[in-house]
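Worksheet: the structure to be examined is printed underneath.
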Amino acid sequence: MFAYIIRRVAYAIPILIGVNVLTFYLFFVVNSPDDMARMHLGQKRVTPEAIEKWKASHGYNKPLLLNRDAEGSGRFTETIFFDKSVRLFAFDFGYSDEGRDIGHDIRQRMLPSLAIAVPALLLGLLVNITFALLMAFFRGTYVDVSGVILCVILMSISGMFYIIGGQYLLAKLFRLMPISGYDVGPDMVRYLVLPVVIGVVSGIGSGSRWYRTFFLEEAGKDYVRTARAKGLSESLVQFRHILRNALIPIVTGVVVVLPLLFMGSLLTESFFAIPGLGSYTIDAIRNQDFAVVRAMVFLGTVLYIIGLILVDITYTIVDPRVRLT
Amino acid sequence: MIKPVILWTDALLFLLTALVVVFIFYARRKPHIRRPWQRIFQGRIAMSSVVILLAFIVIGLLDSLHYRVALEANDAASETHYAIEVLSALDVLTGTLRTREEKSYSAPFATHLYIKENVDLPDGGQARIYPRLEYGGRHLGDGLDDKAADIARRTGLSLLQAVLAGALLSLLLALALARRHGCSSKDMLQRIFTRRTDIPWHIMLLTLTLLLAVIFLVINLASVYHVLGTDKVGKDVLYLSLKSIRTGLLIGTLTTLVMLPFAIFMGIMAGYARGWIDDVVQYIYTTLNSIPGVLLIAAAILMLQVYIANHPELFETTLERSDIRLLFLCIILGITSWTGLCRLLRGESLKLRESEYIQAAVSFGVSHSRIMTRHILPNVMHIVLITVVLDFSGLVLAEAVLSYVGVGVDPTMNSWGNMINGARLEMAREPVVWWSLLSAFLFMFTLVLAANLFSDAVRDAFDPRTVVQRGGK
């Protein structure tokens, strides 16, 4: 098990190198730092001195890959590639184009992201499993059919409509809670209710329809028929046999997204003005802050790979038949 | 004089349409391909979504026939110049919908502007009133009290027209079917409406009649009112929504067209060749898959923006610029979404290469490339088809989100994402401007729902697992 985890972490290294090379290519080769400077300073009448100054203040005034002026190992470390890409491996994100410490910002903004994402995930899981169980229990009847149709209808609505509609109905029309904002302390709940509720509702359609297929798949297996044949009550079959086994794909599906919860949700956070990592990313994209986007790409990749490793470990826990070698 | 304009996306869209038509003719002669399609055609929900999807596709294709009008020359000798504005066949069909611009916001069916303005009175004074709209309800003149009656009359007329057209279509269909089946058309009509036909024609006719009702309503009402209101600069929202259809369709289809060759080639290669090729392909798709999709798209589009900003000379009109951006968006979306299909195809090819008929082909000395194209490719096509159809609705929805984030289509382009993005501020106004959001919602929801229902039917018909389940019951 331990050796397996070590090996998986080692596999992650070439992937991270690949991601880094790709982002490096996108951000520094497709457009040179000169282009970027011109973009930030405005298109017209930019003096070469201004470009040089902008590049120097943001650390883009070094050669891309190989510094011929430097001595020894400096030939490789005194470059943009080393400064901006290799350092990410040590989680040294450097400074944003506005001059803020990205690492500090990320640590600050993780908590608000989690404060929304974790309750939304747990509550959503509960609601989706309940609906899916209900549909699977009444499979083939009108409850099931209309449930599935409702799910498809809910799935066909863009997440943005849920957010705008929810904000309008619950916050503006009925004045149940503030439209947007964030606060620490006891007031936090007031601000969190609406985004969490909308997060859960917008996920019901796809979530419960997906879980329903897991339940139906389990319900068709032989051991379920055996359980019924030996005279177990239907509720016992549903909860002890089907639910427990269908939970395996559900749990692993949840575990893979767990690390990514840190990244927050782009839409929810920006609509509700929550100072999390999602709104941080959106602001960076809108302000064309390339340093932050680069940092977030790297962070997202690391978290995704951690999620994959966690899934493998979870499999050995929830399904004893799986052995990692 | 007009000059046709063929944008990159237009060309690709028509190429795709041609491919689909060729495939239909090819599939008609192959019973094993026809069978699952026949099952789809027997579904009632699937067929009514097909009717709706076709309507969207026709609008999208019409909107892809672009042209520029020649400007009137000052003297006969000078060469003709063309207007900078690129129009499409849809603009011709929608008539004056494009040109009837008001000053600013006006509600659906309104006769007055939604916001107060200072207006000079005839007697010399000034007043702050809701000014009369220039076009909305102009035919009413001063008789504004007749508005409700006028709308009711036009609605009634449209419904009557729709019912008549529906009846006419039923008759024509019955005649055509009667000729093919060799029975009397009265018999056929009876069979259609007592649901004794293989294909659920009655449902299709019903959907078509409803669709016609909407079309006639639009024709009769939109010519004199702003049915869905006007936006901030006074453009008709219905027109904007109609123009957005093409964007949505393009994102949903071109992305797939772009990614398919990669996904199929790499997936089958990896699964069939194994060894180091498999390792390389797996490495590529794991790496691409590890990057959160939105961020990769954002990074790529940001870089494209820098490139476009630094090379303004490459694009003749704004439409060409936004067109390139749309195409590039499709490519980027394709790069982020081909990995799933590639993985599925690799797995299936790994399985197929061990099967007896492939081993037989190998022992007969059939070349590897021939085995891959003639023996493996046709047997993984169902996976390709299911993925393509399932991805469509997700891509249409993704466009809205990406446009909101600021890395979607060009802000000057008509798209539902841009409409929703604008509606965000409108919803915060007092009083609320709700109709842009509602229109984007209605159009998007209809398209995505139809696509979802259709894709479910396709998956049920082509996925071997569900077929086996049904056969076992």
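Working note: Cα atoms of segment B:1-149, range along each principal axis, descending, whole Å: 80, 55, 22.
For segment A:216-325, the relative contact order is 25 percent, taking Cα pairs closer than 8 Å that sit 6 or more residues apart in sequence and dividing their mean separation by the residue count. Between B:V5 and B:H66, B:Y67, B:R68, the built amide H atoms are under 5 Å apart, and every one of these is 5 or more places off in sequence or on another chain. For chain B, the gyration tensor built on C-alpha atoms gives an oblate shape. Its axis ratio a/c (a ≥ b ≥ c) is at least 1.5, and a/b is not larger than b/c. Take every DSSP beta bridge whose two residues both sit in the protein assembly as shown; close to 100 percent of them are antiparallel. For segment B:243-472, the C-alpha radius of gyration divided by 2.2 N^0.38 Å, with N the number of residues, is 1.22. When +1 charges are put on Lys and Arg Cβ atoms and -1 charges on Asp and Glu Cβ atoms, the dipole computed for segment B:243-472 relative to its Cα centre reaches about 440 debye. Taking label positions 7 Å along the Cα-Cβ direction at both A:I313 and A:I149, the computed distance is 4.6 nm, reported to one decimal.
Residue ranges B:352-364, B:427-439 sort as B:427-439, B:352-364 when ordered by packing (mean number of other C-beta atoms within 10 Å per residue, highest first).
Let me confirm one metric for peptide B:308-314, namely the mean number of other chain beta-carbon atoms within 10 Å of its residues' beta-carbons. Counting other chains' Cβ atoms within 10 Å and averaging over B:308-314 gives 2. Stokes-Einstein diffusion for segment A:132-259, with the hydrodynamic radius set to the Kirkwood value over Cα pairs and evaluated at 25 °C in a medium of 0.890 mPa s, equals 143 µm²/s. Axis of helix A:290-318 versus longest Cα principal axis of chain A: the two differ by about 30°, to the nearest ten degrees. The label point for B:A165 and the one for A:Y11, both projected 7 Å from the Cα toward the Cβ, are 5.8 nm apart. Straight Cα distances below 15 angstrom link B:K103 to the aspartates and glutamates B:E117, B:E134, B:D231, B:D236, with same-chain residues fewer than 8 positions distant left out. Would you please classify the overall shape of segment A:137-196 from the alpha carbon gyration tensor, given that a ≥ b ≥ c denote the square roots of the eigenvalues, rounded means a/c under 1.5, and beyond that prolate means a/b larger than b/c while oblate covers the rest? The shape class here is prolate. Relative to the longest principal axis of the Cα atoms of chain B, the long axis of helix B:8-28 lies at roughly 50 degrees. Backbone phi angles across segment B:61-69, fed through the Karplus curve with coefficients 6.51, -1.76 and 1.60 (θ = phi - 60°), yield HN-Hα couplings of 5, 4, 6, 9, 8, 9, 7, 10, 7 Hz in residue order; Gly and Pro are listed as x.
Once Rg and the Kirkwood radius are both taken over the C-alpha atoms of chain A, their ratio Rg/Rh works out to 1.07.
Listed by chain and number, the lysines whose alpha-carbon sits under 20 Å from that of A:K221, ignoring those within fewer than 8 places in the same chain, are A:K230, B:K473. The angle between the Cα long axis of helix A:142-155 and the longest principal axis of the Cα atoms of chain A comes to about 10 degrees, rounded to the nearest 10.
Start at zero, step by 10 Å, and the Cα-Cα distances of the protein assembly as shown spread as 2, 10, 19, 24, 22, 14, 7, 2, 1, 0 percent across the bins. Our coupling estimate for segment B:336-344, obtained by passing each phi through the Karplus curve with A = 6.51, B = -1.76, C = 1.60 and θ = phi - 60°, is 7, 10, 6, 4, x, 5, 4, 5, 4 Hz, Gly and Pro reported as x.
Note the full-extension length gain between A:S57 and A:S73 as 0.36 nm times their separation in residues minus their Cα-Cα distance, in nm to one decimal. So the extension gain works out to 3.4 nm. Proximity of backbone amide H atoms, modeled 1.01 Å from N, is registered between B:D63 and B:L90 at under 5 Å, excluding neighbours fewer than 5 places apart on the same chain.
Candidate cross-link partners of B:K116 among the aspartates and glutamates, defined by an alpha-carbon separation under 13 Å and a same-chain spacing of 8 or more, comprise B:E430.
Each reported figure results from applying straightforward, stated rules to the coordinates on display, with no laboratory input. All of these numbers come straight from a predicted model, not from anything done at the bench. Cβ sites come from the backbone with ideal geometry, for glycine too, and all protein chains shown count toward neighbours.
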